[in-house]
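The values are calculated or read from the model by the stated rules, or taken from the named source; none is laboratory data. All values reported here derive from a predicted model rather than from experimental measurement. Neighbour counts are summed over all protein chains in view; Cβ atoms, including those assigned to glycine, are modelled from backbone coordinates with ideal geometry. Each accessible area value is taken on the protein alone, full model and side chains, heavy atoms only, with ligands, DNA and RNA left out. Shrake-Rupley method; radii C 1.70, N 1.55, O 1.52, S 1.80 Å.
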Amino acid sequence: MLKLENLVKIFNKDTVDESVLFEDFNLFVPKGQFVSVVGSNGSGKTTMLNLISGTMGIEGGRILLDDTDITVQKEFVRARRIGRVYQNPSMSTASQMTISENMAIAVNKNKPFNLSQGLKKSQIAEFRDLVSTLDLGLENKMDTLVGSLSGGQRQALTLLMATMTPIDLLLLDEHTAALDPRTSEKIMELTKSIVERTKITTLMVTHNLRFAVDYGNRILMMDKGKAVLDKAGSDKNAVKVQDLLEIFNTISIECGN
Amino acid sequence: MFIYNTLLTIIQQGLCYGLVAMGVYISYKILDFPDLTVDGSFPLGAVVAITLINGGVHFSVAMIIAIGAGMICGAVTGILHVKFGISNLLSGILTMTALISVNLVLSGMKVYLPYTEGNLFNNDFINSFGAYDVYGNILVLVIICIVFKIIIDLFLKTKTGFMLRAVGSNEKMCVSMGRDSGNYKILGLAMANGMVAMAGAVYSQWTNVYDNNSGVGMVVIALASVIIGTAIFKNLRFVKGTTAVLVGALIYTGALNIIIAFGVPSGYLKLIMAVLFAVILILNNSVLSGGKKIKNREKHHA
């Protein structure tokens, strides 16, 4: 469960460039919900993820994750319970290390990184089985440096790594935006299967309206720091890409674009 | 005979520099941190060792304390960078500059100090080689290099080592694992400078004198060794980074000594060091990495 209470986010506070994004933003995401978040540039989608993950601080309000107040926790502390996949496939993997080594780090999340062996022989077979579920042929490349994988392969691996250990919240930050259409589709299917299997509460920011409509069980459309559309369950299923486009157009007209 | 003696010198000096290079390998290659503390932590290790040894402490204990002193310097650089947000280059420069005074204080304001007691290269074992003690020296240096190479290799395979490598490769990765990447940087820098200080202690015992200026240009020597080594073995992944930089150190020291052997006055040494390093960097950027071809193609298109 994720709860954002009366969030206030002001950029460049007390300067001439001051701009208020969130004035009094509230959001409640029940446990296990898969929320697709859409909105134009500058609507506050990615900022919202940054505030939740702790990359940015807030000027007011509270952030609760399963009844724990995480508002003042540092990013790395929050990361123990939150997994995040970025638009840039190179953000969450170590390019200079092999697939096995990366997975060995990921599976050890929230356990001590002590002087015991980093990658055990027995783990490699286990990781290989896990990677083969991606159906990308990575199981034969366990000793390949992650830096030499394609963007799609890397993103699939990142997604797998983020969910290797139990987490309470998964943040997907336009995680298919840098991929070609076919690979995007594949990553979305993978996302769906992982979220359905693990039942993690998920927030997915996307610019792909079809993905937003097709996946997840709640849709949130944001504009200038406010939710302009919020539909869950059967109401969400009724939402069509056309509906979203219409709202987008209305917003654009209001802005004078 | 002259050539043979030069070769023996190259091997000994090269192994000493190899120890520095292995330290810098941790900071520069693993952590991706250009650490200038090295110029200060190298003579620090030497002055700590000579003060203790001349004071009657056994050289093995003195060297362990020297490692500790170096680790503190590395940690200081790391803390300046991580906790106070000072840039990586500046943090190193600050510690290095402060160490100039620290080293002078420790040496009793003396620029040169001779060893008055037995040390790593002046003991019963080495002296049993008699007139061939240079072979004894080489044996001792080879053993030290191998021991520390194995320690570093093993460390890099532990969970802590994995995380250190991950931080150097992508800091975000460490954060996403719920760890403070800053602590790993401090740890890596402490290890690197502990290694460098040990190299300083070994080098001064080998030359049998403490030289306050021995650290000047050490960063260049170490970086050149690291870059030569890693460039040569780039496509041979089974060769460990530590092995590569040891070979790199021997090659760089060899090249320096050969130039000196042609009768270039020793005052030109640092100039030669810098020029040689520049040549290596240029070669590394163009020929060795194939970057030149790409550049030509760009020109062609333009």
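Tell me whether the stretch A:119-139 contains one or more residues that are more than 20 Å from A:Thr191 (Cβ to Cβ), part of a loop (DSSP other than H, G, I, E, B), at the interface with chain B (Cβ under 9 Å from one of its Cβ atoms) and in contact with a strand residue (DSSP E or B) (Cβ under 7 Å, 6 or more places away or on another chain).
Looking through the stretch A:119-139, none of the residues is more than 20 Å from A:Thr191 (Cβ to Cβ), part of a loop (DSSP other than H, G, I, E, B), at the interface with chain B (Cβ under 9 Å from one of its Cβ atoms) and in contact with a strand residue (DSSP E or B) (Cβ under 7 Å, 6 or more places away or on another chain).
Return the residue satisfying two criteria in turn: it lies in the stretch B:143-170 and is surrounded by 15 or more Cβ atoms within 10 Å (Cβ to Cβ) and among the β-branched types (Val, Ile, Thr), and of such residues it is farthest from the other protein chains (Cβ to nearest Cβ).
For the stretch B:143-170, the residue satisfying everything is B:Ile144.
Select from the stretch A:193-209 the residues that are in a helix (DSSP H, G or I) and in contact (Cβ under 8 Å) with a residue 60 or more places away in the chain and write down the one among them that is surrounded by the most Cβ atoms within 10 Å (Cβ to Cβ).
So the first thing to find is which residues in the stretch A:193-209 are in a helix (DSSP H, G or I), and the list is A:193-198, A:209.
Right, trim to in contact (Cβ under 8 Å) with a residue 60 or more places away in the chain and you get A:195, A:209.
Details: A:Val195: 23, A:Leu209: 20.
Looking at residues that are in a helix (DSSP H, G or I) and in contact (Cβ under 8 Å) with a residue 60 or more places away in the chain, I get A:Val195.
Does A:Gly61 satisfy the criteria of being more than 15 Å from A:Lys3 (Cα to Cα), open to solvent by 20 Å² or more (accessible area, probe 1.4 Å) and away from chain B (no Cβ under 14 Å)? Let's see the steps before the verdict.
Working: more than 15 Å from A:Lys3 (Cα to Cα): no; open to solvent by 20 Å² or more (accessible area, probe 1.4 Å): yes; away from chain B (no Cβ under 14 Å): yes.
Against the criterion (more than 15 Å from A:Lys3 (Cα to Cα), open to solvent by 20 Å² or more (accessible area, probe 1.4 Å) and away from chain B (no Cβ under 14 Å)), A:Gly61 does not qualify.
Checking A:Ile253 against (1) aliphatic (A, V, I, L, M); (2) touching a Leu at 6+ places or on another chain (Cβ under 6 Å); (3) open to solvent by 80 Å² or more (accessible area, probe 1.4 Å): exactly one of these is not met. Which one?
(2)
Does the stretch A:43-50 contain any residue that is open to solvent by less than 10 Å² (accessible area, probe 1.4 Å) and either facing another protein chain (nearest Cβ under 8 Å) or over 25 Å from A:Thr198 (Cα atoms) (or both)?
There is at least one residue in the stretch A:43-50 that is open to solvent by less than 10 Å² (accessible area, probe 1.4 Å) and either facing another protein chain (nearest Cβ under 8 Å) or over 25 Å from A:Thr198 (Cα atoms) (or both).
Any residue in the stretch B:87-102 that is under 22 Å from B:Cys174 (Cα atoms) and not in a helix (DSSP H, G or I)?
yes
Which of (1) under 19 Å from B:Ala166 (Cβ atoms); (2) part of a loop (DSSP other than H, G, I, E, B); (3) without any contact (Cβ under 8 Å) to a residue 60 or more places away in the chain; (4) open to solvent by 10 Å² or more (accessible area, probe 1.4 Å) does A:Met142 not meet, given it meets every other one?
Looking at each condition in turn, A:Met142 falls short on (4).
Of all residues being assigned to a helix (DSSP H, G or I) and at the interface with another protein chain (Cβ under 7 Å from one of its Cβ atoms) in the stretch A:85-105, which is most open to solvent (accessible area, probe 1.4 Å)? Just the residue, please.
In this case the residue turns out to be A:Glu101.
Name the residues in the stretch B:228-240 that are assigned to a helix (DSSP H, G or I) and either crowded, with 24+ Cβ neighbours inside 10 Å or touching a strand residue (DSSP E or B) at 6+ places or on another chain (Cβ under 9 Å) (or both), would you?
Passing the criteria: B:Ile228, B:Gly229.
For B:Ser204, work out the one condition from (1) surrounded by 24 or more Cβ atoms within 10 Å (Cβ to Cβ); (2) closer than 18 Å to B:Ile152 by Cα it doesn't fulfil.
Exception for B:Ser204: condition (2).
Checking B:Ser101 against (1) polar (S, T, N, Q); (2) open to solvent by less than 60 Å² (accessible area, probe 1.4 Å); (3) free of Cβ contacts under 8 Å to residues at least 60 places away in the same chain, which test does it fail?
The number of the failed condition is (2).
Which residue pairs have Cβ atoms closer than 8 Å, lie 6 or more positions apart in sequence or on different chains, and pair a first residue in the stretch B:260-288 that is without any contact (Cβ under 8 Å) to a residue 12 or more places away in the chain with a second residue that is among the β-branched types (Val, Ile, Thr)?
Taking only residues 6 or more apart or on different chains, the pairs are B:Val264/B:Ile272; B:Ser266/B:Ile260.
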